[in-house]
Each structure stands twice: as structure tokens, then as C-alpha cells.
């Protein structure tokens, strides 16, 4: 026992680390709801969307302050997905709940989902954390730019192998809202 503890301490001193899996926060910090058509499209491509979103949220929330129960909803709506990546996201600025949309007709859907769902979850949960614990998303263009930049950089902290998304933005707000009532991001 002493030997194992000593070896672990030596490993930490020479730059190693002991990694623990993130806590399972499903049901405690978040719930995941996936529409039947999104689940079906993902399953046809070999992806369990509920598990992918939950694993991404667990890894993300292990690094963020959070409060309350967040609802993460995934559905099919190609018009809400960012055309360049096939996934889109939105965080409600009032409650911090997250909506994700997928385009089920994308080529290489498995690769799209496995790459961009974790990144989108991290990005949107960063917004959710700021909304729920402060300082919020922001009301001015400058504040929104800061929030988007922080969320984009956070993605690379959580998922460092995510491809660059520089210059990928939405050209329109989500369909059901007026300009300024919701933010739209990647």
C-alpha cells in the first residue's frame, strides 16, 4: 500500500497525473432528451446520441460551475444546423437550457456527430454556466462577442482535438425568434 502511494506521488512529481473519469452528473445537473427522428438517424450511422450527449455533458460540467438541472434537447432540423458542420446549438438566455439540432442527411453523419456534438455541448454548456452562475451571456454586441469567444476557447479546453471552427457562424437567428431575442451560435 505504501509502495503504491509512493509510486503515485513520484509519478505526479515527474509530470504524470492520475486521471479520474468525470462524475456522472446525468439526472443531477442535466437531463438529455433526444427526439425519435434524431435518435433513429444517429443509430443508423452507428451513434448512440443519448450516450454521446451525456458523456460530453459529464466531461464538460466537470470543468464548469453549474447550478440547477439543465435540459439538453437534441432534435432534427437541418435549417437550424450550421451548414458547414451539420450541427447547431442554442442556449436559452433566461433559463440556460440547451437545444441542439442535427442535419440527418449529412454525408458521414457518424463523423459529424462524433466531432461536433461534443464540441456543441461544451460550447452551449459554457453559455449555460455563465447564464446560471453569472455573469450571463450579455446584452451588447461586445458582450456577446466575449461570450462567444470564451465558449469557443472552452471547447478546445474540453475537447482539444476538435477541428477549428473559425469563421463558421450562423447567418440567421433561430427560425422561431426575432433578432435579439435569442443568440445563435455554433
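Can you find even one residue in region 25-32 that is modelled with pLDDT of 95 or more and touching a helix residue (DSSP H, G or I) at 6+ places or on another chain (Cβ under 6 Å)? Within region 25-32 (the criterion being modelled with pLDDT of 95 or more and touching a helix residue (DSSP H, G or I) at 6+ places or on another chain (Cβ under 6 Å)), the answer is yes, since at least one residue qualifies. Number of residues in region 64-106 that are surrounded by fewer than 17 Cβ atoms within 10 Å (Cβ to Cβ), closer than 19 Å to residue 165 by Cβ and at pLDDT below 95: the value is 2. Is it true that some residue in region 170-177 is part of a loop (DSSP other than H, G, I, E, B), out of contact with any strand residue (DSSP E or B) (no Cβ under 6 Å at 6 or more places or on another chain), modelled with pLDDT under 95 and buried (at least 16 other Cβ atoms within 10 Å of the Cβ)? Taking every residue of region 170-177 in turn, at least one turns out to be part of a loop (DSSP other than H, G, I, E, B), out of contact with any strand residue (DSSP E or B) (no Cβ under 6 Å at 6 or more places or on another chain), modelled with pLDDT under 95 and buried (at least 16 other Cβ atoms within 10 Å of the Cβ).
Quick one: is residue 128 in contact with a strand residue (DSSP E or B) (Cβ under 6 Å, 6 or more places away or on another chain) and not in a loop (DSSP other than H, G, I, E, B)? Taking the combined requirement at face value, the residue satisfies it. Considered as a group, the residues in region 69-87 that are assigned to a strand (DSSP E or B) and closer than 19 Å to residue 30 by Cα include one that is farthest from the chain's Cα centre (by Cα), and that residue is 75. Taking the condition surrounded by fewer than 18 Cβ atoms within 10 Å (Cβ to Cβ) and modelled with pLDDT of 95 or more, does residue 150 pass? Judged against the criteria, residue 150 is a match.
With respect to the conditions (1) in contact (Cβ under 8 Å) with a residue 24 or more places away in the chain; (2) within 13 Å of the chain's Cα centre (by Cα), residue 144 lacks only one, and its number is (2).
The values are calculated or read from the model by the stated rules, or taken from the named source; none is laboratory data. If you're wondering where the values come from, they're calculated on a predicted model, not measured in any experiment. Glycine also receives a Cβ, built like all others from the backbone with ideal geometry; neighbour counts cover every protein chain displayed.
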